[in-house]
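Here the structure comes first, spelled out in structure tokens, and everything after it is commentary.
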Amino acid sequence: MSRTANQPKARPEAVPRAAPLDHGRWVPAFFVAPVALYLLVFQGYPLIQEFLLSVTSTSLLDPTKHAFVGFENYRELLLDSEFHQVLRVTAIYTVVCVLASIGLGLLAALLLDGAFPGRGLARALVTIPWAAPPVAAALIFVWMFNAQYGLFSHLAQFLGLSSGGTNWLDEPSYALPAILITTIWQIFPFSSVVILAALQGVPSELREAAVIDGADRLSVFRAVVWPTIRPSVALLTLLITVWSLRRFDVIWLMTQGGPLGETNTLVIDLYRRAFVYLDLGRAAAVGIVGLVIAILVTFAYFWLSLRAEKASGKR
């Protein structure tokens, strides 16, 4: 037998196969596409039209005639002292709404998270203000702030804060607090429900371990509870901020931006310029300014969230 006969035969080289198509990576795009198309058609296109309208001089009496003025509407807004007051009122209204509604919501959630008789009923009662229609709530509070028979007028007189007969909604110093009381009363239940749901996700074992180690309630909240509910509170802050920037119904029904512009927020100012002063171009510019503010707030939220995630990852 020859030497070559004992040698094993050489295996044919493997032919590389084509990589299979990854159809799974297109599944998310398939589901996102309808939403993206909807936003593009019903949100993107109107926003483009609004911006184009903001660089024109257009009257509501004849909205088909446009006179291009460039950024003149924006320049006049920046130089307008009344618009500066609008920005100030909007900032105060938004900040107070966010801080008060989240603070009261957190307090209510912590109380409702404990075990006590009638807890289910208490949780249901807290949601009533949020479930009430904004129009009905505004009209009820208009009655409560009335000078003659309103509850707040009698309460202020009883506490010695006023001599009575004061209509809060007609007083420049009381109008914005009245709007804030109404708004916070209606939106803080939503905060309490969201935070209460986040509290349910806090592991009881961690709480018990912290208590066994001798931590008090405040230390347990700071070390165990707050890190768990912080993402929910952050998202809640963003939502309430955007909602406060665009809230119209309660303010318009109660004061229509008065008295003396003390409750004139961006949305109210936009409506007045468009449908009272009939200036569509300037109103569109106000809307774009409000949109830019909302976008900046959203970017700030995501930037802070990424920073918090990186900080927690380094730990």
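The values are calculated or read from the model by the stated rules, or taken from the named source; none is laboratory data. Since we're looking at a predicted model, the values are computed, not measured. Here the Cβ is made from the backbone with ideal geometry for all residues, glycine too, and neighbour counts use every protein chain on show. Areas reflect the complete protein model, heavy atoms only, side chains present, ligands, DNA and RNA absent. Shrake-Rupley method; radii C 1.70, N 1.55, O 1.52, S 1.80 Å.
Working only within the stretch 189-228, note down all residues that are of a type in the set (D, E, K, R) and without any contact (Cβ under 8 Å) to a residue 12 or more places away in the chain.
Correct list: E205, E208, D213, D216, R217, R222.
As an exercise: evaluate M1 against (1) at pLDDT below 90; (2) in a helix (DSSP H, G or I); (3) open to solvent by 80 Å² or more (accessible area, probe 1.4 Å); (4) not basic (K, R) and give the number of the one condition it does not meet.
(2)
Cβ-Cβ distance below 7 Å, separation of 6 or more or different chains: which pairs start in the stretch 126-143 with a residue that is of a type in the set (A, V, I, L, M, F, W, C) and end on one that is open to solvent by 40 Å² or more (accessible area, probe 1.4 Å)?
W130/F190; V135/D249; V135/L253; A138/D249; A138/L253; L139/L253
Of (1) assigned to a loop (DSSP other than H, G, I, E, B); (2) free of Cβ contacts under 8 Å to residues at least 40 places away in the same chain, G261 satisfies all except one. Which?
Unmet for G261, out of (1) assigned to a loop (DSSP other than H, G, I, E, B); (2) free of Cβ contacts under 8 Å to residues at least 40 places away in the same chain: (2).
Give the number of residues within the stretch 193-221 that are exposed (fewer than 13 other Cβ atoms within 10 Å of the Cβ) and either assigned to a loop (DSSP other than H, G, I, E, B) or not hydrophobic (A, V, I, L, M, F, W, C) (or both).
10
Exactly one of (1) free of Cβ contacts under 8 Å to residues at least 40 places away in the same chain; (2) surrounded by fewer than 18 Cβ atoms within 10 Å (Cβ to Cβ); (3) among the basic types (K, R) is unmet by R246. Its number?
Among (1) free of Cβ contacts under 8 Å to residues at least 40 places away in the same chain; (2) surrounded by fewer than 18 Cβ atoms within 10 Å (Cβ to Cβ); (3) among the basic types (K, R), the lone unmet condition for R246 is (1).
Residues are listed down the side, and each one gets a yes or a no for (1) polar (S, T, N, Q); (2) within 30 Å of G290 (Cα to Cα); (3) modelled with pLDDT of 85 or more; (4) surrounded by 10 or more Cβ atoms within 10 Å (Cβ to Cβ):
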residue: N6; (1), (2), (3), (4): yes, no, no, no
residue: A18; (1), (2), (3), (4): no, no, no, no
residue: D22; (1), (2), (3), (4): no, no, no, no
residue: P34; (1), (2), (3), (4): no, yes, yes, no
residue: K65; (1), (2), (3), (4): no, yes, yes, yes
residue: F68; (1), (2), (3), (4): no, yes, yes, yes
residue: E82; (1), (2), (3), (4): no, yes, yes, yes
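Output the number of the condition that I240 fails; it satisfies all remaining conditions of (1) of a type outside the set (G, A, S); (2) in a helix (DSSP H, G or I); (3) touching a Gly at 6+ places or on another chain (Cβ under 7 Å).
Evaluating I240 over (1) of a type outside the set (G, A, S); (2) in a helix (DSSP H, G or I); (3) touching a Gly at 6+ places or on another chain (Cβ under 7 Å) leaves (3) as the failure.
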